[in-house]
Amino acid sequence: MSTARIPPFPSRLPHVGTTIFTVMSALAAEWQAVNLGQGFPDFDCDPALVDHVAAAMREGWNQYPPMAGLPALREAVSTKIESLYGRRYDPATEITVTAGATQAILTAVLCCVGPGDEVIVLEPCYDSYAPNIELAGGTVVRVALTPRTFRPDFAAIAAALSPRTRAIIVNTPHNPSATVWSRAELQQLAALLVSTDVLVIADEVYEHMVYDGVTHVSASSIPELAARSFVVSSFGKTFHVTGWKVGTVAAPMPLTAEFRKVHQFNVFTVNTPMQLGLARYLADPKPYLGLSAFYQRKRDLFLDGLSRTRLKPLHTAGTYFQCVDYRGISDQKEADFCQWLTREIGVAAIPLSAFYEGGFEQGIVRLCFAKKDETLQRGLDRLARL
């Protein structure tokens, strides 16, 4: 064994440890629980998509693509956004292909946030937001969404704005609460920001998962927001290929120019055959246009099964997550209840408190229904013991 001294150095993220997702997945494996905690499908994507990627590999599309992404994919994304949301982004100067949405968000933060800048995040929120801001040297300003309804509190957002505010991160459809912002709410945000220079990072990775006739309202569809927004999307979420890590960012040319300055040095570009496969697959809009119906059936199946339990579902308007109130069963803290649920009932969930700095207890946990029907039924049969 070497006795050489390892030099110490200050941590860039001294408060970051093992995430709750890693902890709960390990616990689920240990107790052979049905893992409804982590948010990814346990079923395969469309074989036609795999065939497109395999064909691209066989055709020799195996070297570096352009830094910003294959032109064919950027054109397909631009066409999709225009058809759905009414705004045309120039594929050459306003669409960038990224190594997933998490890299897209980090790059958006790094390109515009520096020491002394503040970025507003709306809690509960995806766990990468705050570390991204800290890595850029910025200050995280946390504003709570309205407890239990998770609607935006515009008075609180307005109070958080300052001359140092550089950006706000907005996520709709929202992980973890499964709420969806209305057009009126996004217009209210636009009105709030109109006299400022605040940028918007719009995390819209669940854009094709909205239910009961609700329409996803993209920041790109509201001119006052589109002019200041990095709009982030994810092929992984849309096409059941989270492990491929391919996403996109649409933004006006001046924002995109700054985004690409950082993008070229943190990933440079994204794997070529998957880009071409996705471009060809996007020629048919039916897979993403049918995604809401696909997941609404799973949501409804899951809700029907939950009716056999004492868990109280909150309304799921979008995403593939279902939050439930367990206060009729236990007065344990959320993390403790999730551990108990995993060990004693055999189902893994995620505490909502994990999406808040320092935790915030509401007696709510998050479950994921992006699973095979048989996986959901197995989990529901166990939850019926509640």
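Each reported figure results from applying straightforward, stated rules to the coordinates on display, with no laboratory input. None of the values given here were measured: they were computed from a predicted structure. Using ideal geometry, Cβ is built from the backbone for each residue, glycine included, and neighbour counts are taken over all protein chains shown.
Identify the trypsin sites (Lys or Arg not before Pro) of the range 264-322 meeting these criteria: DSSP loop state and at most 13 other C-beta atoms within 10 Å of the C-beta.
Sites meeting the loop and neighbour criteria: 308.
Relative contact order, percent, of the chain when contacts are C-alpha pairs under 8 Å separated by at least 6 residues?
Reported relative contact order: 25 percent.
Which entries in the list 312/333; 80/371; 237/372; 237/261 go over 23 Å, if you measure between the two C-alpha atoms of each?
With Cα atoms farther than 23 Å apart: 80/371; 237/261.
Just to confirm the filter: which GluC sites (Glu not before Pro) across the range 35-141 are DSSP coil and have at most 13 other Cβ within 10 angstrom of their Cβ?
Of the GluC sites (Glu not before Pro), the ones in loops of the range 35-141 whose Cβ has at most 13 other Cβ atoms within 10 Å are 59.
Quick query: amide H of residue 323 versus all other amide H atoms, modeled in the peptide plane; which residues come in under 5 Å with a sequence gap of 5 or more or a different chain?
Here the answer is 314, 367, since their amide H atoms fall under 5 Å of that of residue 323.
Just to be sure I follow the definition: excluding the sites themselves, where is the longest run in the chain that has none of the chymotrypsin sites (Phe, Trp or Tyr not before Pro) in a DSSP loop with at most 13 other Cβ atoms within 10 Å?
Maximal segment without exposed cleavage sites: 44-267.
If the chain between residue 377 and residue 12 were fully stretched, how many nm would it gain, using 0.36 nm times the residue separation less the Cα-Cα distance? Let's see the in-between values first.
Numbers: separation 365, 0.36 × 365 = 131.40 nm, distance 4.31 nm.
Extra length available between residue 377 and residue 12 comes to 127.1 nm.
Taking only DSSP H segments of four or more residues, each worth -39500 (n - 2.57), what value at 222 nm results for the chain once the sum is divided by all its residues, to the nearest 500 deg cm²/dmol?
Roughly -11000 deg cm²/dmol at 222 nm, from the helical runs in the chain.
Which ³J(HN,Hα) values in Hz, rounded to whole numbers, follow from the phi angles of the range 126-137 under the Karplus curve 6.51 cos²θ - 1.76 cosθ + 1.60, where θ = phi - 60° and Gly and Pro get x?
After applying 6.51 cos²θ - 1.76 cosθ + 1.60, I find 3, 6, 8, 4, 5, x, 4, 5, 5, 5, 7, x Hz.
Could you tell me the center-to-center distance, by alpha carbons, between the range 284-310 and the range 119-184 in angstrom?
After rounding, the separation between the Cα centres reads 27 Å.
In whole Hz and in residue order, list the ³J(HN,Hα) couplings for the range 57-63 that follow from phi through the Karplus curve 6.51 cos²θ - 1.76 cosθ + 1.60, θ = phi - 60°; x for Gly and Pro.
With coefficients 6.51, -1.76 and 1.60, one gets 5, 5, 6, x, 7, 10, 10 Hz.
Could you work out the percent of alpha carbon pairs in the chain separated by over 32 Å, rounded to a whole number?
Everything past 32 Å amounts to 35 percent.
In a GNM of the chain with a 10 Å cut-off on Cα contacts, which of 261, 333, 286 has the highest mean-square fluctuation?
Largest GNM mean-square fluctuation: 286.
Please give the contour-minus-distance gain from residue 332 to residue 79: 0.36 nm per residue of separation, less the Cα-Cα distance, rounded to one decimal in nm.
86.2 nm
Over the range 157-296, what is the relative contact order in percent, taking alpha-carbon pairs closer than 8 angstrom and at least six residues apart?
Normalised by residue count, the contact order of the range 157-296 is 21 percent.
For the chain, give me the percentage of DSSP beta bridges that are antiparallel, rounded to the nearest 5 percent.
Working: 18 of 39 bridges.
Counting only bridges with both partners in the chain, antiparallel ones make up about 45 percent.
Could you tell me how far the Cα centroid of the range 235-253 sits from the Cα centroid of the range 9-63, in Å?
First find each Cα centre; the distance between them is then 14 Å.
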